[in-house]
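Below is one structure, written out as structure tokens; the observations come after it.
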Amino acid sequence: MPNYSFRCRSCGDTFEVNRPMAQSSDAAACPEGHDDTVKLLTTFATVSRGAAPAPAAAPRPAGGGCCGAGGCC
């Protein structure tokens, strides 16, 4: 179940709530009992270990330009 972060506007406390995605936009009362809270935008990042390095980029055609003929086609 996803975690959603909230901040209380009354006391400034930041807290998390575990709830289904279907209830992600529902209001949440702070642990101190205040109802004036705002949902915070959070980011998610993944880290993997031992993954293969990214493949090298393909070489560019000689001559430059977007079609390789020396100018844009």
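Every read-out reported here was derived from the displayed coordinates using simple, explicitly stated rules and does not represent laboratory data. Small disclaimer: the values here were computed from a predicted structure and weren't measured. Neighbour counts are summed over all protein chains in view; Cβ atoms, including those assigned to glycine, are modelled from backbone coordinates with ideal geometry.
Length gained on full extension, His34 to Ser10: 8.0 nm, using 0.36 nm per residue less the C-alpha separation. With the crude spin-label approximation of a point 7 Å out along Cα→Cβ, what separation in nm comes out for Leu41 versus Asp26? Placing both labels 7 Å beyond Cα along the Cβ direction yields 2.5 nm.
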